[in-house]
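The values are calculated or read from the model by the stated rules, or taken from the named source; none is laboratory data. Treat the numbers as computed from the prediction; the structure is a model and nothing was measured. Cβ placement follows ideal geometry from the backbone for every residue including glycine, while neighbour counts extend to all protein chains displayed. Heavy atoms of the whole protein, side chains included, go into the accessibility calculation; ligands, DNA and RNA do not. Shrake-Rupley method; radii C 1.70, N 1.55, O 1.52, S 1.80 Å.
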Amino acid sequence: DIQMTQSPPSLSASVGDRVTITCRPSQTITINLNWYQSKPGKAPRLLIFGATVLQSGVPSRFSGAHSGAAFTLTINTLQPEDFATYYCQQTYSSPHTFGQGTKVDI
Amino acid sequence: EVQLVQSGAEVKKPGESLRISCQVSGYNFVAYWITWVRQMPGKGLEWMGRTDPSGSYTTYSPSFQGHVTISADKSVSTAYLQWTSLKASDTAMYFCARQRPTFGESDYWGQGTLITVSS
């Protein structure tokens, strides 16, 4: 199985901050990397697919990038509704593993 | 409007069997894979497996292979997740999701089904 290592596991931020979350796969996954937002009791929400493509309806303050073997999710100008847990997922090979999650709180 | 509507919460005893469902509407059911994801209390997302409703081809995560069965019935546009013998460790929220073929991303999700297994 491909292991997805996310960092940091958690971070504290304030409204208006810029935050960056990193995801590193244990082997190559080309650009088959997706990012989701998860809130308690709710279904996950797709934010970014194909490493860099913004899902329709997702605010442009969310962006994805990759450099070498590392993938990043950046949230510019953090809004109150962005406090949540974020997961990366590789869909290069089965099983389509998720990272451990990064909790963004105040 | 694309919708995935899951069956309601269940409380079961260890050793009991269970099947939960995910009924879709608003798109051609056989055109997209359906994925199942587990979230244990206070824990992260775990990919369980996926099924191709057009041909009933299914693949599982090794972590779940042999313990659950994923299936689909295209006549009623519904996917299923079932257990023959539940364990307390199966207590979790289970989500179904539609998987797009572009990069395998899951763009629409069910609301989740909470399963509680307790004696």
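Within segment A:23-39, residues that are away from chain B (no Cβ under 13 Å) sit with their Cβ atoms under 7 Å from residues that are surrounded by fewer than 21 Cβ atoms within 10 Å (Cβ to Cβ) and outside any strand (DSSP E or B), at 6+ positions apart or across chains, in these pairs: A:Arg24/A:Ala69; A:Pro25/A:Ile2; A:Pro25/A:Ala69; A:Ser26/A:Ile2; A:Ser26/A:Gln3; A:Gln27/A:Ile2.
Of all residues in segment B:99-119, those that are touching a residue at least 60 places away in the same chain (Cβ under 8 Å), polar (S, T, N, Q), at the interface with chain A (Cβ under 9 Å from one of its Cβ atoms) and open to solvent by 10 Å² or more (accessible area, probe 1.4 Å) total 1. The condition (being more than 24 Å from B:Trp47 (Cβ to Cβ) and more than 10 Å from every other protein chain (Cβ to nearest Cβ)) is satisfied by just one residue among A:Ser60, A:Ser10: A:Ser60. Scanning segment A:84-106 for residues that are assigned to a loop (DSSP other than H, G, I, E, B), more than 7 Å from chain B (Cβ to nearest Cβ) and not polar (S, T, N, Q), which turns out farthest from A:Lys39 (Cα to Cα)? Residue satisfying both the conditions and the ranking: A:Tyr92.
Note on segment B:60-98: residues that are under 28 Å from A:Tyr92 (Cβ atoms), more than 10 Å from chain A (Cβ to nearest Cβ), among the small types (Gly, Ala, Ser) and surrounded by fewer than 19 Cβ atoms within 10 Å (Cβ to Cβ) amount to 2. Considering segment B:31-58, the residues that are surrounded by 13 or more Cβ atoms within 10 Å (Cβ to Cβ) and hydrophobic (A, V, I, L, M, F, W, C) include one that is nearest to A:Thr5 (Cα to Cα), namely B:Leu45.
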